[in-house]
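**Student:** Below you will find the structure I want to go over with you.
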Amino acid sequence: MNKRETGTYYENLACEYIMENGAEILLRNFRSKKGEIDIVAKDGRYLIFIEVKYRTTSRYGTAEAAVNYRKQKVICRVSDYYMKRFGIDVGTPVRYDVIAIWVDEMSAAHIRWHKNAFSYIPCKAW
């Protein structure tokens with residue numbers, strides 16, 4: 001598999017996991033000129049923006065650690081655009097989650113869903 005196919009495979013795995021845990025997938029790979037959000041979902045009353053990270057090794061850090069401040073800021077900026085574009089009320093409860101996926105030495109995939117992984121980071125207006 002190439003890098004894109006691998007990413008799609010693990011995003012599909014994340015979507016299955018999200019749905020198995022009671023959330024509804026609204027949109028995948030939402031793009032704007034400022035960046036991308038892997039998954040937009042609804043979990044109870046929350047609109048959630050989810051970043052999926054996959055790692056085969058922790059050599060360069062965990063999957064969770066890859067969602068650094070800079071990446072968080074991009075996700076927040078794109079979430080603002082998403083809400084504006086789709087007319088989502090600013091009072092809607094929003095959550096920023098990370099789904100970390102890693103493969104062990106037996107090639108078994110493990111998933112960890114970090115709900116409310118980071119807080120909203122304000123950014124400049126569009």
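Quick note: the coordinates plus some simple rules give every number you see, no bench work behind them. The model shown is predicted, which means the values in this text are computed figures rather than measured ones. Reconstructed Cβ throughout: ideal geometry from the backbone, glycine too, with neighbour counts over all protein chains shown.
**Student:** Angle between the Cα long axis of helix 3-20 and the longest principal axis of the chain, 0 to 90 degrees, nearest 10?
**Tutor:** 70 degrees
**Student:** If you filter region 1-89 for chymotrypsin sites (Phe, Trp or Tyr not before Pro), then keep DSSP loop positions with at most 10 other Cβ within 10 Å, what is left? Don't skip to the answer; put the middle values down first.
**Tutor:** On the way: sites: 9, 10, 17, 30, 46, 49, 54, 60, 69, 81, 82, 86; in loops: 60, 86.
Passing sites in region 1-89 are 60.
**Student:** Once phi is turned into θ = phi - 60°, what whole-Hz ³J(HN,Hα) does the Karplus curve with 6.51, -1.76 and 1.60 give for every residue of region 98-114, x standing for Gly and Pro?
**Tutor:** Taking θ as phi minus 60°, the curve returns 10, 10, 9, 10, 9, 10, 7, 5, 9, 6, 8, 7, 10, 10, 10, 9, 9 Hz for region 98-114.
**Student:** Sort 106, 19, 83 by Cβ crowding within 10 Å, fewest neighbours at the top. If you can, show how the numbers build up before the last one.
**Tutor:** Details: 106 5, 19 12, 83 16.
Exposure proxy ranking, most exposed first: 106, 19, 83.
**Student:** Helix 69-85 against the longest principal axis of the chain: what's the angle in degrees, Cα atoms only, rounded to the nearest 10?
**Tutor:** 50 degrees
**Student:** Exactly which trypsin sites (Lys or Arg not before Pro) in region 1-66 are in a DSSP loop and have at most 10 other Cβ atoms within 10 Å?
**Tutor:** 33, 45, 59
**Student:** Using a cut-off of 21 Å between alpha-carbon atoms, which lysines can reach residue 3, once sequence neighbours fewer than 8 places away in the same chain are excluded?
**Tutor:** Hits, sequence-local ones excluded: 53, 71.
**Student:** Choose one of 90, 113, 65: the residue whose Cα lies farthest towards the positive end of the charge dipole of the chain (beta-carbon charges +1 Lys, Arg; -1 Asp, Glu; about the Cα centre).
**Tutor:** 90
**Student:** Over the alpha-carbon set of region 3-118, divide Rg by the Kirkwood Rh and report the Rg/Rh ratio to two decimals. Let's see the in-between values first.
**Tutor:** Values: Rg = 14.0 Å, Rh = 14.6 Å.
Here the Rg-to-Rh quotient is 0.96.
**Student:** Next question. So how much slack lies between residue 83 and residue 109, counting 0.36 nm per residue of separation and subtracting their Cα-Cα distance, in nm? Provide the component values of the computation, followed by the final result.
**Tutor:** On the way: separation 26, 0.36 × 26 = 9.36 nm, distance 3.26 nm.
Here the segment from residue 83 to residue 109 would lengthen by 6.1 nm.
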